[in-house]
1. When the residues of the stretch 191-223 are narrowed to those that are over 20 Å from the mean Cα position of the chain (by Cα) and in a strand (DSSP E or B), which ends up surrounded by the fewest Cβ atoms within 10 Å (Cβ to Cβ)?
2. Among the listed residues Met292, Met299, identify the single one that is open to solvent by less than 10 Å² (accessible area, probe 1.4 Å), of a type in the set (A, V, I, L, M, F, W, C) and touching a Leu at 6+ places or on another chain (Cβ under 6 Å).
3. Determine, yes or no, whether Val153 is of a type in the set (A, V, I, L, M) and either surrounded by fewer than 24 Cβ atoms within 10 Å (Cβ to Cβ) or assigned to a helix (DSSP H, G or I) (or both).
4. So, Ala170, is that one in a helix (DSSP H, G or I), touching a Lys or Arg at 6+ places or on another chain (Cβ under 9 Å) and at pLDDT 95 or above or not?
5. Restricting attention to the stretch 224-234, and to residues there that are modelled with pLDDT of 95 or more and out of contact with any Gly (no Cβ under 6 Å at 6 or more places or on another chain), which single residue is surrounded by the fewest Cβ atoms within 10 Å (Cβ to Cβ)?
6. Kindly list, by first and then second residue, each pair from a residue in the stretch 186-203 that is within 15 Å of Asn125 (Cβ to Cβ) to a residue that is of a type in the set (A, V, I, L, M), limited to pairs with Cβ atoms under 6 Å and residues at least 6 apart or on different chains.
7. Could you give every pair whose Cβ atoms fall below 9 Å, whose first residue belongs to the stretch 253-280 and is more than 23 Å from Ser149 (Cβ to Cβ), and whose second residue is buried (at least 24 other Cβ atoms within 10 Å of the Cβ) and of a type in the set (Asp, Glu), counting only separations of at least 6 or pairs across chains?
Amino acid sequence: MSKKLLAIVLGTVMTMSLLAGCGSAAPAAEAPKEEKQEAAAEPAPAAEEPAKEAEATGDVKIALITMDSIDQHWVTLNEGAQAEAKAEGVTVDFMSPDTKDDSKQIECVNNAVAGGYTAIMVAANGPDAISGALNEAAAAGIKIVYVDSPANVPAEATFATNNEAAGKTAGEEMLKELEAKGITSGDIGIVNVNASTQSTVDRENGFRSAFEGKGFNILETQYCDGDAAKAQSIAENYITQGVVGIFGANEGSTTGTGNAIKASGNEIVGVGFDKSDSIKNLIVDGHLLCTMAQNPDVMGSEGVKACVKAVGGEDLGGKVVDTGVTVLNKDNIQ
């Protein structure tokens, strides 16, 4: 085998190993070759421009690793990140796993380290499972920024919903609707993702707090791993138990809950989290009362800004920014 052929084979093997286990990377749109050539011919920045800023915008390569690459929430977060990346002139690769799985997410982090990324934006599937991989990334000099859900590793900044407060708002919305219907007692079910994802655990805690001192009984939480079909089966079981309300803690949980209520024909009060076309339709059709709509696009865009600043040497102090939530119901869904 010639040396040239051997080099091609080795290069192909290394590329394939980086992509294994993660969703395919979706980099920000590249300029046509003509534009790239023109850009290369442009003179260096004026001397008065800070060298640190030029270094940041020219060399920032960000890996965006969310819990999965399927939920509309993560797709929208990536869209916000890509828009900001284009504005900043940096690269963001969406290299998330195809399903919520700790081992796959860890593999994505390891691939980002091996791929020479300067920053990682991550929504941790669980606060502990991914921590070892993130510590190794930080030790390698990679800047860590959290979006939506942090892990137990210090980061440059975190951009996320105040999930406990938003969960309490969800509970208060359900409580108001139940009381309006003249229902002052009964069982309420909760469909959550798992017991380790901190963001959804916080939502559940907030939701439960809204019913403290009231005449309702919150049943034991059931978990669906964020899968809408599993969530629907769980919600159907709750309905057969005679619940008066069901709370879905994320997009899949909410979609499954709404579909179960729709199939049952019962006027159970369903309240959820996140927004998608399916969830919006379930609200319009009256099968869900409302959903807590986050701002994932803001998480994505602000996360990119933070990565650029951190790579450029700015100390962000580990700041935590609440990106807000809106109660979407039939009155304001449009």
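The values are calculated or read from the model by the stated rules, or taken from the named source; none is laboratory data. This structure is a prediction, so every number in the text was calculated from the model and none was measured. Backbone-built Cβ (ideal geometry, glycine too); neighbour counts: all protein chains shown. Heavy atoms of the whole protein, side chains included, go into the accessibility calculation; ligands, DNA and RNA do not. Shrake-Rupley method; radii C 1.70, N 1.55, O 1.52, S 1.80 Å.
1. Asn217
2. Working: Met292 fails: touching a Leu at 6+ places or on another chain (Cβ under 6 Å).
Going through Met292, Met299 in turn, just one is open to solvent by less than 10 Å² (accessible area, probe 1.4 Å), of a type in the set (A, V, I, L, M, F, W, C) and touching a Leu at 6+ places or on another chain (Cβ under 6 Å): Met299.
3. Working: of a type in the set (A, V, I, L, M): yes; either surrounded by fewer than 24 Cβ atoms within 10 Å (Cβ to Cβ) or assigned to a helix (DSSP H, G or I) (or both): yes.
Judged against the criteria, Val153 is a match.
4. yes
5. Applying the filter and picking the extreme gives Ala229.
6. From residues that are within 15 Å of Asn125 (Cβ to Cβ), the pairs are Asn192/Ala249; Thr200/Val193; Thr200/Ala249.
7. That search, which allows pairs on different chains as well, returns nothing.
Results for (1) out of contact with any helix residue (DSSP H, G or I) (no Cβ under 8 Å at 6 or more places or on another chain); (2) in a loop (DSSP other than H, G, I, E, B); (3) open to solvent by less than 10 Å² (accessible area, probe 1.4 Å), shown as yes or no for each residue.
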residue: Ile246; (1), (2), (3): no, no, yes
residue: Thr254; (1), (2), (3): no, no, yes
residue: Gly258; (1), (2), (3): no, no, yes
residue: Asn266; (1), (2), (3): no, yes, no
residue: Lys275; (1), (2), (3): no, yes, no
residue: Ser278; (1), (2), (3): no, no, no
residue: Gly286; (1), (2), (3): yes, yes, no
